[in-house]
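Novice: Below is one structure. I have some questions about it.
Bear in mind these aren't lab numbers, they're just calculated from the coordinates by the rules spelled out. All of these numbers come straight from a predicted model, not from anything done at the bench. All Cβ positions, glycine included, derive from the backbone under ideal geometry; neighbour counts span all protein chains shown.
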2 protein chains.
Amino acid sequence: MTQAVAGIVRELTASLGGAVITDPVLSVGYRRDQSHLTTFGTPAAVVRARDVSDVVATLQAAHKYGVPVVTRGAGTGLAGGANAVDGCIVLSIERMNRILEIDEEARTAAVEAGVINGDLASAAAACGLWYVPDPGSRDISTIGGNLATNAGGACCAKYGVTADHVARIKAVLPDGQIIHTGASTRKNSAGLNLTQLLVGSEGTLAVIVEATVRLRRKPEGVTTLVASFRDPADAVCAVMRMQSVADPCLAELMDRTTIAAVNRMTKMGLDESAGALLLVQCDGAGATEEVKCCAQACSDSRATELYVTSDAEEGEALMRARRAALTALEQLGSTLLDDLAVPVPQLTHMLEAITHIADRYGLLIGTFGHAADGNLHPTIVFDSRDEEMVLRAHNAFDEMVARCLQLGGSITGEHGVGLLKRRYLTRMVGAAEHQLMAGIKSVFDPGGILNPGRSL
Amino acid sequence: MTQAVAGIVRELTASLGGAVITDPVLSVGYRRDQSHLTTFGTPAAVVRARDVSDVVATLQAAHKYGVPVVTRGAGTGLAGGANAVDGCIVLSIERMNRILEIDEEARTAAVEAGVINGDLASAAAACGLWYVPDPGSRDISTIGGNLATNAGGACCAKYGVTADHVARIKAVLPDGQIIHTGASTRKNSAGLNLTQLLVGSEGTLAVIVEATVRLRRKPEGVTTLVASFRDPADAVCAVMRMQSVADPCLAELMDRTTIAAVNRMTKMGLDESAGALLLVQCDGAGATEEVKCCAQACSDSRATELYVTSDAEEGEALMRARRAALTALEQLGSTLLDDLAVPVPQLTHMLEAITHIADRYGLLIGTFGHAADGNLHPTIVFDSRDEEMVLRAHNAFDEMVARCLQLGGSITGEHGVGLLKRRYLTRMVGAAEHQLMAGIKSVFDPGGILNPGRSL
């Protein structure tokens with residue numbers, strides 16, 4: 001342990017007492033997030049902040065000693081963005097989980113960063129309102145983490161991602177200064193948009209401690225459509241067709257491998273003869289009418305089976321099948337989950353590429369994702385004890401990312417860059433653009449202590 | 001003329017030829033935007049860039065000579081953001097007006113920054129698509145200017161502002177380097193969000209030369225509702241009520257002064273007995289149903305008159321009445337137009353404050369705006385030859401902004417900070433936040449040559 005690290009641990013223990021964990025046995029759960037094949041180190045201490053003043057104290061000490069700080073919410077990230085580095089302070093905001101205010105008239109909620117997405121959604125629903133962003137992790141992930149990665153979800157196609165629902169952010173700079181960004185108003189053109197700069201910055205600029213998010217009226221009448229296709233290309237065609245005649249809130253895709261895995265785990269009896277399955281929902285006053293148009297779009301695109309239901313529970317059960325996709329694939333081995341986004345018309349090429357890559361490398365890859373956004377999660381299944389296979393998985397992953405970039409895509413739609421995608425970032429954004437990002441990082445964090453080696 | 005200025009004018013004239021205007025008689029129209037009571041200077045030259053290479057050449061020369069550059073689109077700004085400073089180069093992008101591509105399948109359009117918003121909207125409509133952002137200036141303002149100010153419009157309540165519809169930006173840094181930000185995909189969590197940093201930055205960070213914007217399917221079936229209220233507070237109450245039962249795309253408000261001015265100019269016969277008039281539109285498959293709910297919300301809020309039409313042309317005629325508001329008020333004298341945004345529930349307090357301020361200063365203030373967003377344009381009418389009255393107008397303006405900030409509002413909803421609002425910016429965003437903005441500015445523009453004295 002260096003002198004600086006010893007100094008900060010002593011100082012934090014003295015000032016924050018029980019909020020500080022230094023026993024490596026107790027801090028083991030704070031070393032990494034849920035990503036696979038990303039590196040992680042051992043923190044010198046974990047601070048489980050109880051409030052903003054704990055965050056300020058932690059950062060002031062880190063600033064003074066020049067010790068790195070890795071902030072984490074619930075640790076559900078899938079790109080290593082919250083993985084500890086050796087000798088760092090892990091700053092956990094999971095205990096800062098108070099919903100500070102729900103303003104029903106203004107339709108906003110002010111929350112601490114450690115509030116679980118699903119808890120906010122429930123509290124909003126109790127007031128007849130809706131917190132929209134619905135990442136797959138919504139029952140276990142925090143608003144702070146959602147903001148840090150700009151988390152997506154299923155219904156982004158119609159309602160946008162986390163970034164689109166945040167009005168204000170309260171954050172702490174690495175020297176302990178508190179800042180407030182944005183405005184509570186729907187429109188705001190005053191100065192540079194610091195709010196959108198913090199969203200997706202993965203803890204590299206400041207520590208988000210509170211946010212004011214926008215709530216919506218929940219539209220009534222969700223109608224659900226399930227369609228099977230022999231060829232995944234037909235499913236993509238159907239998505240494009242339906243988006244030209246309706247405004248579906250989601251259009252989720254599962255490929256054959258994923259369908260089989262979900263059936264195996266859940267015994268749901270999804271159509272295993274299908275090459276791809278689409279799950280579509282429309283909402284609002286025109287939901288039934290819109291789903292009719294979507295069903296027609298599927299028929300016109302050679303759907304082999306169609307099923308429509310306006311029953312909310314049945315719709316939810318079908319959505320659960322889709323949400324089970326990753327867990328179901330995890331039953332088959334170790335997994336390396338990707339998060340690629342391409343323009344919707346390029347989805348066919350991306351799906352074809354994934355199939356070819358799987359064949360070429362002799363790997364099982366199950367693909368599911370948010371077809372309406374062009375956001376896919378091809379998931380490589382492998383045996384982590386087989387070194388040669390791990391290498392093949394890595395190479396297949398590299399090739400998928402490369403093909404995605406060729407198709408005009410993004411290396412990450414909703415999981416963030418973290419450690420997993422860092423080597424692809426400059427290739428995607430360009431050298432001059434990357435240099436600007438580094439310059440901005442230096443403005444916020446001149447000492448480079450926040451989440452070093454992450455994202456940019 | 002300093003040596004540097006003489007040098008750059010000589011160099012630009014030599015390299016860009018006919019694109020450069022140095023005759024002050026010919027450049028007089030490039031000295032200012034459409035704002036009133038903002039200062040402006042005389043440029044050393046105007047470059048009417050024909051393409052990106054003209055922009056690069058201009059910035060390289062300005063960088064070399066350390067001469068300020070003020071970029072302008074169509075000059076329709078209302079905050080002095082494009083006003084020249086003495087001895088600067090005005091860089092006009094109005095001739096860069098090519099629509100480069102409309103990708104019907106991906107539903108995006110790539111345009112040069114000088115394309116007129118309305119021209120893009122028409123071209124999109126010809127492909128059965130919709131470019132949503134609809135600032136009042138849409139027939140005369142450019143996409144580049146819309147991006148620079150994060151322009152709003154009427155239907156932002158449902159569909160968002162300019163920022164919400166841009167996917168990628170191509171821009172030139174002050175040293176002539178070209179950057180590309182964002183991604184063509186709907187979702188993108190890769191690196192810091194440079195796109196949203198450029199949006200609303202009012203030409204202070206880089207010169208936007210191209211943008212890829214998102215297009216939507218145009219929903220059918222617009223239904224329009226007009227409601228009169230004795231008391232403006234009732235109109236605000238109606239807006240809140242309707243937003244809790246429907247999703248109107250717009251809810252435009254006009255106060256008594258504005259109604260009278262519009263009637264005087266257009267002879268439209270709007271209800272002059274009303275204290276406020278609301279113009280509401282719903283669209284999509286459920287439009288008729290939704291307007292019914294909105295009409296009920298108005299009745300429940302003591303509306304004195306209600307009128308509903310599903311006739312598109314009649315709806316458009318009513319919208320024209322609203323759009324005529326500023327022009328109608330301009331018939332009454334010189335105007336000082338404000339652009340305040342408050343949370344919707346605070347609209348009543350803001351409207352009351354405006355009335356009190358008008359009374360106290362003995363000024364006519366006509367207020368209209370986007371009630372669904374809490375975005376108001378109180379417009380002070382005065383005699384510009386009467387110095388004492390000009391002073392009163394300034395003071396009344398100051399007080400409106402101060403009250404808006406007290407109510408948790410933003411000093412600008414959609415016009416930008418420009419020169420007009422610069423003295424209020426730090427008060428709104430805070431000193432630490434303002435310093436971060438200045439730091440970011442230095443990363444992009446270390447020499448401080450882009451739009452000096454503007455915005456941040």
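Novice: Which values of log₁₀ I(q)/I(0), to two decimal places, follow from the Debye formula for region A:20-95 at q = 0.17, 0.20, 0.27 Å⁻¹ with a uniform point scatterer at every Cα?
Specialist: Per q value, in the given order, log10 I(q)/I(0) is -0.57, -0.79, -1.31.
Novice: If region A:105-210 were replaced by its equivalent ellipsoid, with semi-axes equal to the square roots of 5 times the Cα gyration tensor eigenvalues, what would those be, largest first, whole Å? Before the final figure, lay out each step's value.
Specialist: Numbers: eigenvalues 91, 50, 37 Å².
Square roots of five times the eigenvalues give 21, 16, 14 Å.
Novice: Ordered shortest first, which distances in nm separate the 7 Å Cα→C-beta label point of A:K218 from those of the other copies?
Specialist: Values, ascending and in nm: 3.5.
Novice: Same structure again: Give the average, rounded to an integer, of partner chain Cβ atoms located within 10 angstrom of each Cβ in B:411-419.
Specialist: Across the residues of B:411-419, the mean count of other-chain Cβ atoms within 10 Å is 3.
Novice: Please give the average number of partner chain Cβ atoms lying within 10 Å of the Cβ of each residue in B:177-184, rounded to a whole number.
Specialist: Shielding by partners across B:177-184 averages 6.
Novice: Can you give the translational diffusion coefficient of region A:223-406 in µm²/s, computed by Stokes-Einstein from the Kirkwood radius over Cα pairs at 37 °C and 0.692 mPa s?
Specialist: Taking Rh from Cα pairs, D becomes 199 µm²/s.
Novice: What nm distances, shortest first, do you get from the label point of A:R385 to those in the other copies when the point sits 7 angstrom along Cα to Cβ?
Specialist: Shortest to longest, the spacings are 9.6 nm.
Novice: Kindly state, as a whole number, the per residue volume in cubic angstrom of the convex hull around the alpha carbon atoms of region B:283-337.
Specialist: Hull volume over Cα atoms, normalised by residue count, gives 123 Å³.
Novice: If Lys and Arg each add +1 and Asp and Glu each add -1, what is the summed charge of the other residues whose beta carbon sits under 15 Å from the beta carbon of B:G17? Walk me through the numbers on the way to the answer.
Specialist: Values: positive: B:R10, B:R48, B:R50, B:R95; negative: B:E11, B:D23, B:D51, B:D54.
My count for the surroundings of B:G17 gives 0.
Novice: Let me ask something additional. Considering the options B:A358, B:L147, B:A287, tell which one lies farthest towards the positive end of the dipole of chain B, charges being +1 on Lys and Arg and -1 on Asp and Glu at the Cβ, about the Cα centre.
Specialist: B:L147
Novice: Okay, moving on. So if I restrict to the alpha-carbon atoms in the protein assembly as shown, what is the Rg, and what is Dmax, the biggest pairwise distance, in Å?
Specialist: Expressed in Å, the Cα Rg and Dmax of the protein assembly as shown come to 27.6, 86.
Novice: Once the other residues with Cβ under 13 Å from the Cβ of B:S299 are scored (Lys, Arg +1; Asp, Glu -1), what is the net sum?
Specialist: Surrounding charge for B:S299 is 0.
Novice: I'd like the isolated cysteines in chain A, meaning no second cysteine's beta-carbon lies under 4.7 angstrom from theirs.
Specialist: Lone cysteines by the Cβ rule: A:C88, A:C127, A:C156, A:C237, A:C282, A:C293, A:C294, A:C298, A:C404.
Novice: Considering only the label points, 7 Å along Cα→Cβ from Cα, what distances in nm to one decimal separate A:E305 from the same position in each other copy, shortest first?
Specialist: 5.9
Novice: List A:D339, B:D33, B:D311, A:D445 from most exposed to least, where exposure is judged by having the fewest other Cβ atoms within 10 Å.
Specialist: Working: A:D339 28, B:D33 24, B:D311 11, A:D445 20.
Sorted ascending by nearby Cβ count, the order is B:D311, A:D445, B:D33, A:D339.
Novice: Going down the table (A:K158/B:K170; B:K292/B:K421; B:K170/B:K421; A:K218/B:K187; A:K170/A:K421), which pairs top 30 Å between alpha carbons? Before the final figure, lay out the partial values.
Specialist: Working: A:K158/B:K170 26 Å; B:K292/B:K421 40 Å; B:K170/B:K421 27 Å; A:K218/B:K187 23 Å; A:K170/A:K421 27 Å.
Pairs exceeding the cut-off: B:K292/B:K421.
Novice: If you put +1 on each Lys and Arg Cβ and -1 on each Asp and Glu Cβ, how big is the dipole of region A:245-350 around its Cα centre, in Debye rounded to 20?
Specialist: 360
Novice: A further question on this structure: How large are Rg and Dmax for chain B when only the alpha carbon atoms are used, in Å?
Specialist: My reading of the Cα-based Rg and Dmax gives 22.3, 69 Å.
Novice: Could I ask something else about it? Taking the Cα centre of region A:361-412 as origin, sum charge times position over the Cβ atoms of Lys and Arg (+1) and Asp and Glu (-1), and report the length of that vector in debye to the nearest 20.
Specialist: Numbers: 3 positive and 7 negative charges, 32 e Å.
The dipole magnitude comes to about 160 debye.
Novice: Work from the charge dipole of the protein assembly as shown (Cβ charges, +1 for Lys and Arg, -1 for Asp and Glu, about the Cα centre) and give the residue of A:N97, A:I21, A:P248 farthest towards its positive end.
Specialist: Sorting the options by dipole projection puts first A:I21.
Novice: Find out how many positive minus negative residues lie around B:A62, taking Lys and Arg as positive, Asp and Glu as negative, among other residues whose Cβ is under 11 Å from that of B:A62.
Specialist: Numbers: positive: B:K64; negative: B:E11, B:D175, B:D445.
That works out to -2.
Novice: May I ask you to derive the relative contact order of chain A, considering only C-alpha pairs under 8 Å and at least 6 residues apart, and to give it as an integer percent?
Specialist: 16
Novice: Moving to a separate point now. Using only the Cα atoms, what convex hull volume per residue in Å³ does region B:219-329 have?
Specialist: Output value, Cα hull per residue: 83 Å³.
Novice: For the protein assembly as shown, give the magnitude of the charge dipole about the Cα centre (Cβ charges: +1 Lys/Arg, -1 Asp/Glu; no others), in debye to the nearest 20.
Specialist: Values: 80 positive and 102 negative charges, 364 e Å.
My answer is approximately 1740 debye.
Novice: What relative contact order, as a whole-number percentage, does region A:3-92 give when Cα pairs under 8 Å and 6 or more residues apart are counted?
Specialist: Rounded, it is 39 percent for region A:3-92.
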